Amino acid sequence: MDRRWLPALAALAVLPWVVPSSYVVHLLVQVLLWSFIYTGWSLMGRFGLVSFGHGAFMGIGAYAVVLLWNFHGLSPWLSIPIGVALAVAVAVLIGYPCFRFGIAGHYFALVTLALTEVVRSVIVALRDTTGGSLGITPNSVLKDGVTWSVQALQFADKRVFFYIALAAWAFGIWVWHRIDKSMMRYAMEAIGSDEQAAASVGVNVTRTKLAITMISAALTALGGALFGQYQQYVNPETVAGIGVSLQIVFAVIAGGMFVRFGPTVGAVFTLLLTEGLRVGIGNKVNALDSTIYGLMLVLFIIYMPTGILGKLAEKLRRARA
Amino acid sequence: MLELSRVSAGYGSFQALFDVSLEVRAGEAVAVIGPNGAGKTTLLRAISKLIEVSAGEIRMEGRSLGDVPAHRIIDLGLSQVPEHRRLFPRLTVEENLRMGAYTAAARPKFAQRLEMVYALFPRMKERRHQMAGTMSGGEQQMCAIGRALMSGPKLLLLDEPSAGLAPVIVQSIFDLVRKIREEGYTVMIVEQNVRQVLKVVDRAYLLEVGRIKLAGSAAELLASAEIQKAYVGL
Ligand SMILES: Nc1ncnc2c1ncn2[C@@H]1O[C@H](COP(=O)(O)OP(=O)(O)OP(=O)(O)O)[C@@H](O)[C@H]1O
Ligand SMILES: [Mg+2]
């Protein structure tokens, strides 16, 4: 990324010191981590590879780190790469046959949806190790006056995690940017509009799709691992499962999947929406928030398919022309 | 250069090509003519490995294409301008041309070939930042030919480049084909516009319902009673 972004990053970096409460820092960390995950999803989504499998990749990353820590005392610095590698392996296992045999569109969405459900079921079924649907907490080292541990990636001060989340987010944006400027983007764009024509100019369709899927799964698993580590708690419903997959897709569509900061805008938007709903209607009316979510998704797909930021960019371009 | 011996191919249980044998020699321009549904596009798809042949063999410079996947065909020097052009509509003209030079071998020559294509089609240079999908049919055809030339092919395969274009544009497309020939490319062209295409090629094959019915020099075919009656129309 070029130097122009340094002032913006610096401005973001002082945020935790100027916001009024640690609750706001908490919201910022959430936004950054989800933005990172959403950006990872969009690497595929923008080329028409609509995956409902990212709940699985996120869950694999999150659970791998917590389980390896609790049962083998493995530091997250080692288990995060393992979790990411595991997610990438699963992505290949699912992606290769899909791409090799031309499973695309709705069928690809369904296959990945099934993957998510499989991973969630496995987590629930192995309840003796994973804690089942109750979730699991990583053994904490933050006691007897210890307030932080780099080795355990545990920090009592949320601001530390803010910087980890900020670095992850910036990394995600950088990956997007790099791909956007590479031949891979043209190749994926070509595949998205005409696979045979893409093959005829020399694009290895299967391999290119697989590569982008692996990158996307890796980022999502990393995001999941960091998210679980930040929350110090993982639960099959909050870091894996169809709910998470749907949340990812919704947020990205809302923010705009074809522009670099679209997924980030999606994260801000969904967070404001959730927090707004929580404060506005509280927990009185059960499941009203998911109803509203669903409704908004429908509205977005029909009226604003390029998302908030996509629409804005369009408007700006037209105003300038 | 390109040799087909007794090639059969089709779609599932439907056979579209029967025992097709033909040859294109280096430096030649060869046409395959025939009515709608004759199997002309199928023939080019088989050569490009977009469909498998069920019998027979295709060889490029002596190398059998049997185990070459579709995305490696271009490495053998075979480049095609597909039926209906099939540009990448959401990429700009220049990005489409860039995709034409996608292979590792072609990438270092991108800038140089881009100049060459722009010299051949000044119109493409004007339009280089336009989305390919928003251009007129004739412009899209030029872009598709340009894209195919970007790989520096030994043999250029053209599938009905004149289809769906206004007569003046058709004329300019054939002029282009002639120009490309003069640049030294070997060309195989599939066409229904028999009268026009026979003016620019050396030899031609007549394909009917999946079988080669006639073969010979352009002049011979043009003079044959069968072609005169059915295709040129007097
Ligand atoms: N994808 C396909 N699946 C099944 N049959 C096909 C397919 N494509 C072509 N065919 C059939 O194969 C036969 C040959 O088609 P092909 O497209 O090769 O003809 P063509 O000579 O190119 O015709 P045109 O001049 O109209 O382009 C036709 O009968 C057609 O219906
Ligand atoms: Mg055809």
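For the reader, a short list of remarks on this structure follows.
- Scaling against 2.2 N^0.38 Å puts the C-alpha radius of gyration of the range A:1-54 at 1.49.
- Antiparallel content of DSSP bridges confined to the protein assembly as shown, in %, to 5: 60
- Cα pair distances exceeding 25 angstrom across the range A:162-259, given as percent: 31
- Here the label points at residue A:106 and residue B:90, each 7 Å from Cα along the C-beta direction, are separated by 2.0 nm in the simple model.
- Legend: mean number of C-beta atoms from other chains within 10 angstrom of residue C-beta atoms, peptide A:191-199, equals 6.
- Farthest towards the positive end of the charge dipole of chain A, among the residues A:8, A:267, A:64, is the Cα of A:8, using unit charges on the Cβ of Lys, Arg, Asp and Glu.
- Computed P(r) (all Cα pairs; chain B; 5 Å bins; percent): 1, 7, 15, 18, 20, 17, 12, 7, 3, 0, 0
- Residue-span extension gain [residue B:175 to residue B:14] - 0.36 nm each, minus C-alpha spacing: 54.3 nm
- The range A:7-165, dipole about Cα centre (Lys/Arg Cβ +1, Asp/Glu Cβ -1), debye to the nearest 20: 180
- Computed over the range A:213-321, relative contact order equals 29 percent, with contacts defined as Cα pairs under 8 Å that lie 6+ residues apart.
- Among B:212, A:141, B:37 - extreme Cα towards positive end, dipole of the protein assembly as shown, charges at beta-carbon: A:141
- Normalised contact order of chain A, rounded percent, pairs of Cα under 8 Å and 6 or more residues apart: 31
- Think of the range A:3-239 as having a plus end and a minus end, set by charges on the Cβ of Lys, Arg, Asp and Glu; of A:83, A:200, A:21, A:200 sits farthest toward the positive end of this dipole.
- DSSP beta bridge pairing in chain B, given as percent antiparallel to the nearest 5: 55
- ³J(HN,Hα), Karplus 6.51/-1.76/1.60, whole Hz, each residue of the range A:47-58, x for Gly, Pro: 9, x, 8, 7, 9, 9, x, 6, x, 5, 5, 5
- Amide H within-cut-off set for residue B:187, under 5 Å, with H built and near neighbours excluded: B:28, B:29, B:30, B:156
- For residue B:207, nonlocal amide neighbours, meaning residues 5 or more places apart or on other chains whose placed amide H falls under 5 Å from its own, are B:33, B:34, B:213.
- Distance between the pseudo-spin-label points of residue B:23 and residue A:304 (7 Å out from Cα toward the beta carbon): 6.6 nm.
- Under 5 Å, built H, 5+ apart or other chain: amide partners of residue B:8: B:19, B:20, B:54, B:55, B:56
- Residue separation of residue A:321 and residue A:274 scaled by 0.36 nm, minus their Cα-Cα distance, works out to 13.2 nm of gained length.
- Extending 7 Å from Cα along the Cβ direction at residue B:110 and again at residue A:183 yields two label points whose distance is 0.8 nm.
- The tail of the calculated P(r) for the range A:182-321 beyond 24 Å holds 48 percent of all Cα-Cα pairs.
- Cα point-scatterer Debye curve for the range A:3-239, base-10 log of I(q)/I(0) at q = 0.09, 0.10 Å⁻¹: -0.41, -0.51
- Kirkwood estimate for the protein assembly as shown, i.e. one over the average of 1/r between Cα atoms, Å: 26.6
- For the range B:87-153, the share of alpha carbon pairs falling in successive 5 Å distance bins from zero is 4, 21, 35, 24, 13, 3, 0 percent.
- Difference of contour (0.36 nm per residue) and Cα-Cα distance, residue B:166 to residue B:217: 15.6 nm
Values in this text are rule-based calculations from the coordinates and carry no lab data. Worth saying up front: this structure is predicted, and the values here are computed from it rather than measured. Using ideal geometry, Cβ is built from the backbone for each residue, glycine included, and neighbour counts are taken over all protein chains shown.
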